[in-house]
Amino acid sequence: MRRAQRPHTGTGIGGLRAEPAPGVWYRLWRGFVADHDELMRELLCELTWEQRSITLFGREVMQPRRIAWQGELPYRYSNQTLQPREVSETVSGVLARVEIACGVEFNHVLLNHYRDGTDSMGWHADNERELGECPAVASISLGAARRFVAKARDAGERVDLALGGGDLLLMGGDFQNRYVHAVPKTKRPVGERLSLTFRALRCAPSASRE
Ligand SMILES: O=C(O)CCC(=O)C(=O)O
């Protein structure tokens, strides 16, 4: 993976674009990865997966999912630092296609493994300083479909998408500044799901944040 040098224009190819509030947009490619079940199996075997604890509002809690990551720079979020890890061939192949479609150079991938409907992702925005002012964040979904919801911090349309196996989502513009997003728990029986979330880190976190 290279360092992000191009501006985060998100002027890629195709996908359906939606603008839930002025300057807040996302682009969605359904079925971007054809062999998504096979890719999910490969990533589950090849990568080092862990369930980590994070500090939320001063309390240490286990993240309700497993994670893995790759990238040449450390990534700091929720008071934890993910140290650099080499990018595998499998991930580079997906990354190259995602970069062309999105028109963005990414240099970090965080993978989330939702084992069943009790695994989830709480409300948050990917707005760490190291991601720059209007971060472009892309995600590939593999395996079972899950709801992806986003809501404005102030005013704007709510976003409620079923992200299915193989879908690619790109969030751009002011999405991370004005909206928060989540993957809620579900009581419905659902199979496992992986998401690969691509970010363009401009620098390492400053020592005071380490
Ligand atoms: O799993 C997803 O689709 C969302 C992942 C996400 O929000 C993140 O990694 O910050």
Requiring at least 3 residues that are over 17 Å from the mean Cα position of the chain (by Cα), the strands (runs of 3 or more DSSP E) wholly within the stretch 8-86 are 16-21, 53-56, 59-62
Consider PHE148 carefully, then state whether it is among the aromatic types (Phe, Trp, Tyr) and either within 9 Å of the ligand (Cβ to nearest atom) or at pLDDT below 95 (or both).
yes
Looking for something buried (at least 21 other Cβ atoms within 10 Å of the Cβ), of a type outside the set (S, T, N, Q) and within 10 Å of the ligand (Cβ to nearest atom) - is there at least one such residue anywhere in the stretch 151-161?
no
State yes or no: is VAL109 part of a strand (DSSP E or B), touching an Asp or Glu at 6+ places or on another chain (Cβ under 7 Å) and at pLDDT 95 or above?
no
Would you point out the residue of the stretch 169-197, among those that are within 11 Å of the ligand (Cβ to nearest atom) and closer than 14 Å to VAL98 by Cα, that is surrounded by the fewest Cβ atoms within 10 Å (Cβ to Cβ)?
THR197
Of (1) at pLDDT 95 or above; (2) surrounded by fewer than 24 Cβ atoms within 10 Å (Cβ to Cβ); (3) more than 11 Å from the ligand (Cβ to nearest atom), ALA200 satisfies every one except (2)
Lone unmet requirement of (1) touching a helix residue (DSSP H, G or I) at 6+ places or on another chain (Cβ under 8 Å); (2) of a type in the set (A, V, I, L, M, F, W, C); (3) part of a loop (DSSP other than H, G, I, E, B) for LEU194
(3)
Looking at the stretch 109-130, which of the residues that are more than 11 Å from the ligand (Cβ to nearest atom) and of a type outside the set (Ser, Thr, Tyr) is surrounded by the most Cβ atoms within 10 Å (Cβ to Cβ)?
GLU130
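Taking ALA145 as the residue in question, decide whether it is touching a Phe, Trp or Tyr at 6+ places or on another chain (Cβ under 9 Å) and of a type in the set (A, V, I, L, M, F, W, C). Working first, answer last.
Values: touching a Phe, Trp or Tyr at 6+ places or on another chain (Cβ under 9 Å): no; of a type in the set (A, V, I, L, M, F, W, C): yes.
So ALA145 does not fit the description; no.
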Look through the stretch 59-86, keep the residues that are under 11 Å from LEU110 (Cα atoms) and among the hydrophobic types (A, V, I, L, M, F, W, C), and return whichever of them is modelled with the lowest pLDDT.
LEU82
Just to be sure, is ARG146 without any contact (Cβ under 8 Å) to a residue 60 or more places away in the chain, surrounded by 17 or more Cβ atoms within 10 Å (Cβ to Cβ) and of a type in the set (D, E, K, R)?
yes
If I filter the stretch 59-92 down to residues being within 16 Å of the ligand (Cβ to nearest atom) and small (Gly, Ala, Ser), which single residue comes out as farthest from LEU194 (Cα to Cα)?
SER78
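The values are calculated or read from the model by the stated rules, or taken from the named source; none is laboratory data. Fair warning: this is a prediction, and the values are worked out from it, not measured in the lab. Reconstructed Cβ throughout: ideal geometry from the backbone, glycine too, with neighbour counts over all protein chains shown.
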